[in-house]
1. Run the numbers on region 13-177 and let me know its relative contact order in percent, using alpha-carbon pairs under 8 Å that are six or more apart.
2. Would you pull out the residues with amide H under 5 Å of LEU35's amide H, same chain only if 5 or more places away, H placed 1.01 Å from N?
3. In a GNM of the chain with a 10 Å cut-off on Cα contacts, which of ALA155, ALA96, ALA170 has the highest mean-square fluctuation?
4. Counting Lys and Arg as +1 and Asp and Glu as -1, each charge on the Cβ, what is the dipole of the chain about the Cα centre in debye, to the nearest 20?
5. Once phi is turned into θ = phi - 60°, what whole-Hz ³J(HN,Hα) does the Karplus curve with 6.51, -1.76 and 1.60 give for every residue of region 157-167, x standing for Gly and Pro?
6. Mind listing the phi-derived Karplus ³J(HN,Hα) values for region 123-138, rounded to whole Hz, using 6.51, -1.76 and 1.60 with θ = phi - 60°, and x for any glycine or proline?
7. Return the loop-located chymotrypsin sites (Phe, Trp or Tyr not before Pro) in region 53-95 (DSSP other than H, G, I, E, B) with at most 14 other Cβ atoms within 10 Å of their own Cβ; answer none if there are none.
8. What is the set of long-range amide H partners of MET184 at a cut-off below 5 Å, with H atoms built 1.01 Å from backbone N?
Amino acid sequence: MSHELKNTAANPGPLGLLGFGMTTTLLNLHNAGFLPLSIAIVAMGIALGGLAQILAGIREMRQGNTFGGTAFTAYGLFWWSLVLIWVNPFKDIAPADDLSMGFYLLLWGVFTFFMFIGTLKHNRATQVVFGSLTILFVLLALGHFTESHMIERIAGIEGIFCGLSAIYSAMGQIINAEYGRDVMPL
């Protein structure tokens, strides 16, 4: 008698997208000038932006999804590294300046651009998330390289769009799975 096991593993993607989207939206409300940088943003970066995405990334890897696993794990670690930059618990190491932050953000932009190329085989919602994230990183890098608060504010507005697009994608995946049909187009 054959006992076939049914794969009942949940899709970790929506959790990762929510972690990314909610944290990105909150941080970019700050970048756009609507909120001060506060413990609310730092805590969200550690918990939802960092931990939730890392957990989602590990689950994606276990399910054989290299793209999702790489994206969620890398961006989760991005949030943890960004919080470390802000808090700088290494008191003997100089804090990040605009030049080093510019290169930090530019490298994330290069990584994200190549991930965007990978999304060309994915749905439109995923393409929007990664395309707008590439633009966000480039704008943030330019803002630091030029020390232009105006560019950083423009980046903030674009980042709010990016974060909300990730939240939409997460909610679309959840709602569509619950209803067994496309309620929210992706």
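Derivation of every value follows stated rules applied to the coordinates shown; laboratory data play no part. Keep in mind the model is a prediction, meaning the values are calculated, not measured. Every residue, glycine among them, receives a Cβ derived from its backbone with ideal geometry; neighbour counts consider all protein chains shown.
1. Computed value for region 13-177: 33 percent relative contact order.
2. Amide H neighbours of LEU35: HIS30.
3. ALA96
4. Computed charge dipole of the chain: roughly 460 debye.
5. Those phi angles translate into 4, 5, x, 4, 4, 4, x, 5, 5, 5, 4 Hz.
6. With coefficients 6.51, -1.76 and 1.60, one gets 6, 4, 4, 5, 4, 5, 4, 6, x, 5, 5, 4, 4, 4, 4, 5 Hz.
7. PHE90
8. Amide H to amide H, under 5 Å and 5 or more residues apart or across chains, MET184 pairs with ASN176.
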